[in-house]
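The values are calculated or read from the model by the stated rules, or taken from the named source; none is laboratory data. Remember, it's a predicted structure, so these values are computed and weren't measured experimentally. Virtual Cβ from ideal backbone geometry, glycine too; neighbours counted across all protein chains shown.
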Amino acid sequence: MKLFNSLTRKKEEFTPMDPQNVKMYSCGPTVYNYFHIGNARPFIVFDVLRRYMEYRGYNVKFVQNFTDIDDKVINRANEEGVTYKDIADKYIEEYFVDAKGLGIHPATIHPKATENIDAIIEIVSTLIEKGYAYESEGDVYFRALKFKDYGKLSKQPLEDLVAGARIGVGEKKEDACDFALWKAAKPGEPSWTSPWGEGRPGWHIECSAMANRYLGKTIDIHSGGVDLTFPHHENEIAQSEAANGCQFANFWLHNAFLNIDNKKMSKSLGNFFTVRDAAEAYGYEAIRFFMLSAHYRSPINYSQESLMQAKAALERLHNAVNNMEFLSKNGSGEALSDAQKEILSGFDKHREKFIAAMDDDINTADAIAAIFELVRDVNSTVADNGSSAFAAECLSRVRELCDVLGLVEKKDEASLDAEIEALIEARQAARKERNFAEADRIRDELAAQGIILEDTPQGVKWHRA
Ligand code: AMP
Ligand code: ZN
């Protein structure tokens with residue numbers, strides 16, 4: 001498998017340090033709000049990378065942190081008159097709601113910054129001992145330019161870094177390029193006891209500390225959005241490599257940005273959407289499909305049109321799967337014939353194409369195309385080969401590939417029931433507004449899933465056909 005390594009700016013053959021086991025770290029959300037659709041991109045694409053590595057037989061230990069203390073969390077808590085922990089806990093819970101909806105598997109470990117203060121203090125102390133960091137009035141700063149490789153990831157000449165650096169208000173640094181590892185507590189702010197007095201960690205240090213604690217000194221893959229390359233990832237490298245004296249991450253993967261109607265998403269432009277909003281409009285799975293319809297290193301444009309297209313394509317996939325499911329339950333009982341076996345082995349080329357695409361720096365766009373080619377071939381043969389066995393074989397081939405991308409996944413009964421009830425409610429609302437076309441469309445959509453509605457004086461009853 002080849003992955004584009006931002007460190008070398010090349011596609012390189014990926015081999016983990018330990019042949020069976022992959023150690024992967026991804027920067028997670030700062031939990032002060034519902035996450036937005038831009039954040040959803042790295043969460044989805046790196047979930048797919050992890051699933052694909054598992055599909056290829058690796059064990060993946062995947063760590064994704066929660067930044068549960070920083071200025072944004074504190075400001076939100078102050079606005080609402082609650083503690084930082086109330087805010088962090090609430091949005092961690094909401095993260096898991098949206099992540100589940102989007103089909104993002106929970107990481108192996110989701111560590112929180114505030115639960116790793118001891119590891120953070122330890123690495124900061126090591127950096128001070130080694131002369132890479134210094135205390136200044138209760139703050140601790142990293143001497144960026146002392147780290148010889150500073151700038152190696154973002155490929156910025158040191159002169160440019162020096163010219164662009166400024167000392168902010170209240171900072172007590174030796175040099176404008178230095179960055180904070182530890183911040184002295186301001187009155188009223190949450191704080192932890194440290195050798196440098198009461199304070200809280202800077203943002204960059206938490207990832208170095210948690211990657212080291214949960215994965216070790218050197219990891220196989222570190223990932224995140226391209227905006228994190230500098231300064232966040234550059235600083236993570238400097239901290240980890242200065243403290244541990246060895247390479248931090250062998251591969252650095254960065255996803256390109258998601259824009260909205262070809263503009264940067266920002267609150268001030270009024271084009272800021274949370275995943276929660278988008279899921280209400282299009283459904284979670286359409287968002288996932290849309291994200292995977294482009295290569296992760298190409299910018300992607302979020303628009304109503306592109307989401308509607310994703311929804312329509314996904315519907316074709318669902319219809320095909322529903323059809324195969326129906327036939328695999330209701331088809332005739334004969335065993336597979338030799339001719340059918342031959343047809344099925346003819347489908348292998350689609351799996352090969354899918355794997356070739358995924359091996360090429362997780363090209364999900366081409367991988368999706370391979371799934372649609374398989375579905376087209378299945379659709380044109382499954383009806384003429386009316387046995388359950390043949391339909392079941394087709395279904396398992398389609399599911400095998402869809403599962404790697406986290407599409408058309410089998411749902412548990414409870415979440416299926418919740419979706420059906422939400423659709424029934426939407427139908428009732430449409431009827432109330434006398435939008436009968438929409439109400440009929442929803443009834444048909446439910447019927448296609450084998451759900452029969454019965455309007456009774458007590459309300460709508462439903463059952464499976
Ligand atoms: P944050 O919570 O802001 O630290 O971001 C969490 C993740 O989302 C990081 O990996 C960011 O790089 C990524 N991210 C933020 N905005 C976007 C965007 N518009 N498009 C793609 N990725 C983004
Ligand atoms: Zn990080």
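Taking (1) at pLDDT 90 or above; (2) of a type in the set (Lys, Arg); (3) in a loop (DSSP other than H, G, I, E, B) in turn, Arg431 satisfies each apart from (3). Just a yes or no: is a residue in the range 329-337 within 19 Å of the chain's Cα centre (by Cα), touching a residue at least 12 places away in the same chain (Cβ under 8 Å) and under 30 Å from Arg464 (Cα atoms)? The answer is no; no qualifying residue exists.
Mind listing whichever residues of the range 238-270 are within 10 Å of ligand 1 (Cβ to nearest atom) and either at positive phi or among the aromatic types (Phe, Trp, Tyr) (or both)? Correct list: Phe257 only. The sole residue among Ala176, Ala242 that is in a loop (DSSP other than H, G, I, E, B) and hydrophobic (A, V, I, L, M, F, W, C) is Ala176. Sub-6 Å Cβ pairs linking a first residue in the range 126-144 that is within 17 Å of Ser208 (Cβ to Cβ) and among the polar types (S, T, N, Q) to a second residue that is crowded, with 20+ Cβ neighbours inside 10 Å and at pLDDT 95 or above, at least 6 apart or interchain, are Thr126/Ala243, ordered by first then second residue. Can you confirm whether the range 180-200 contains a residue that is part of a helix (DSSP H, G or I), buried (at least 16 other Cβ atoms within 10 Å of the Cβ), of a type outside the set (A, V, I, L, M, F, W, C) and in contact with a helix residue (DSSP H, G or I) (Cβ under 8 Å, 6 or more places away or on another chain)? Checking the range 180-200: not a single residue is part of a helix (DSSP H, G or I), buried (at least 16 other Cβ atoms within 10 Å of the Cβ), of a type outside the set (A, V, I, L, M, F, W, C) and in contact with a helix residue (DSSP H, G or I) (Cβ under 8 Å, 6 or more places away or on another chain). Can you pull out every residue in the range 58-93 that is under 30 Å from Asp220 (Cβ atoms), more than 15 Å from ligand 2 (Cβ to nearest atom) and part of a loop (DSSP other than H, G, I, E, B)? Selection gives Tyr58 alone. So, in the range 39-64, how many residues would count as being small (Gly, Ala, Ser) and either away from ligand 1 (no atom under 16 Å from the Cβ) or modelled with pLDDT under 95 (or both)? Residues in the range 39-64 being small (Gly, Ala, Ser) and either away from ligand 1 (no atom under 16 Å from the Cβ) or modelled with pLDDT under 95 (or both): 1 in total.
Inspection of the range 202-210 identifies no residue that is crowded, with 23+ Cβ neighbours inside 10 Å and away from ligand 2 (no atom under 11 Å from the Cβ). From the residues in the range 201-237 that are polar (S, T, N, Q) and not in a helix (DSSP H, G or I), which one is nearest to ligand 1 (Cβ to nearest atom)? Within the range 201-237, the match that is nearest to ligand 1 (Cβ to nearest atom) is Ser223. Within the range 11-39, restricting attention to residues that are touching a His at 6+ places or on another chain (Cβ under 8 Å) and outside any loop (DSSP other than H, G, I, E, B), the residue that is farthest from ligand 2 (Cβ to nearest atom) is Met24. Contact map, the range 22-40: first residue more than 25 Å from Tyr214 (Cα to Cα), second residue within 8 Å of ligand 1 (Cβ to nearest atom) and not β-branched (Val, Ile, Thr), Cβ cut-off under 8 Å, separation 6 or more or different chains; pairs are His36/Met265; Ile37/Leu258; Ile37/Met265; Gly38/Gly225; Gly38/Phe257; Gly38/Leu258; Gly38/Met265. Contact list please: Cβ distance under 6 Å, first residue in the range 292-310 and assigned to a helix (DSSP H, G or I), second residue β-branched (Val, Ile, Thr), pairs at least six apart or on different chains. Pairs that qualify, where the first residue is assigned to a helix (DSSP H, G or I) and the partner is β-branched (Val, Ile, Thr), are Leu292/Thr364. Once the range 235-252 is narrowed to residues that are surrounded by 24 or more Cβ atoms within 10 Å (Cβ to Cβ) and closer than 30 Å to Thr274 by Cα, the residue that is farthest from ligand 2 (Cβ to nearest atom) is Asn235. Glu285 meets all of the listed conditions (1) touching a Leu at 6+ places or on another chain (Cβ under 7 Å); (2) acidic (Asp, Glu); (3) within 15 Å of ligand 2 (Cβ to nearest atom) but one, namely (3). Checking each residue in the range 393-416 for being surrounded by 14 or more Cβ atoms within 10 Å (Cβ to Cβ) and either modelled with pLDDT under 95 or among the aliphatic types (A, V, I, L, M) (or both) picks out Leu395, Val398, Leu401, Val404, Leu405, Leu407, Val408, Leu416. Just to be sure before I move on: is Val73 under 27 Å from Arg9 (Cβ atoms) and either surrounded by 14 or more Cβ atoms within 10 Å (Cβ to Cβ) or at pLDDT 95 or above (or both) in the structure I sent? No.
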